[in-house]
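Chemist: Handing you this structure, nothing more for now.
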C-alpha cells in the first residue's frame, strides 16, 4: 500500500512517514502542491495526505484541479492546521474523503484514518 504525503514541513513529513511505515505502508512525499498534483496524476497511490497551506499551489487548488480535470485518484485526506468551518466545508465540497486538523489528531489516529480510507487494507 502506497501513501503520498503532500506537505512542505520536513518534520511533519518525517513524523507521519515513520508512523505509516511502522503500520506497513510505503510512504512517499511531495514538498509542494504542484509536485503533489503531478504525483497524483501519475497514479499508483492507495491514499493521499494533503496539506492545505503549501507553496506553488495550495491543497484546495490541488483538489479543484483534480476535479476539473477529472483525474482518477484514491481517497485524499486533508491534513492541515486550518480549522475554520468554512475551510473544512470547502475541503469536503472539493472532494476530500476526510479533513483532519493536525493539532486534533495524534499520528496514530491519522494512520487509523488512512487505514479506514483504504478499507482497512495495508
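Chemist: Out of all the residues in region 47-65, is one or more out of contact with any helix residue (DSSP H, G or I) (no Cβ under 8 Å at 6 or more places or on another chain), free of Cβ contacts under 8 Å to residues at least 12 places away in the same chain, in a helix (DSSP H, G or I) and surrounded by fewer than 17 Cβ atoms within 10 Å (Cβ to Cβ)?
Modeler: No, region 47-65 has no match at all.
Chemist: Take residue 119 and tell me if it is more than 14 Å from the chain's Cα centre (by Cα) and closer than 23 Å to residue 1 by Cα.
Modeler: Yes; evaluated as a whole, the condition is true for this residue.
Chemist: Taking the conditions exactly as written (surrounded by fewer than 19 Cβ atoms within 10 Å (Cβ to Cβ) and at pLDDT below 95), does residue 83 satisfy them or not?
Modeler: The answer is yes for residue 83.
Chemist: Does region 83-104 hold any residues that are in contact with a helix residue (DSSP H, G or I) (Cβ under 8 Å, 6 or more places away or on another chain) and touching a residue at least 24 places away in the same chain (Cβ under 8 Å), and which are they?
Modeler: 90, 91, 94, 95, 96, 102
Chemist: Just wondering, is there one or more residues in region 87-101 that are crowded, with 22+ Cβ neighbours inside 10 Å, closer than 17 Å to residue 117 by Cα and over 11 Å from the mean Cα position of the chain (by Cα)?
Modeler: yes
Chemist: Can you name every residue in region 22-45 that is assigned to a helix (DSSP H, G or I) and either touching a residue at least 40 places away in the same chain (Cβ under 8 Å) or surrounded by fewer than 13 Cβ atoms within 10 Å (Cβ to Cβ) (or both)?
Modeler: If the condition is that a residue be assigned to a helix (DSSP H, G or I) and either touching a residue at least 40 places away in the same chain (Cβ under 8 Å) or surrounded by fewer than 13 Cβ atoms within 10 Å (Cβ to Cβ) (or both), then 22, 38, 42 are the ones that fit.
Chemist: For the subset of region 82-122 comprising residues that are in a strand (DSSP E or B) and touching a strand residue (DSSP E or B) at 6+ places or on another chain (Cβ under 6 Å), which member is farthest from residue 72 (Cα to Cα)? It would help to see each step written out before you state the result.
Modeler: Within region 82-122, the first condition is being in a strand (DSSP E or B), and the residues that meet it are 98-101.
Filter once more, so that each one left must be touching a strand residue (DSSP E or B) at 6+ places or on another chain (Cβ under 6 Å): 98-100.
Working: 98: 17, 99: 19, 100: 22 Å.
It comes out as 100.
The values are calculated or read from the model by the stated rules, or taken from the named source; none is laboratory data. Because the structure is a prediction, the values reported are computed rather than measured. Virtual Cβ from ideal backbone geometry, glycine too; neighbours counted across all protein chains shown.
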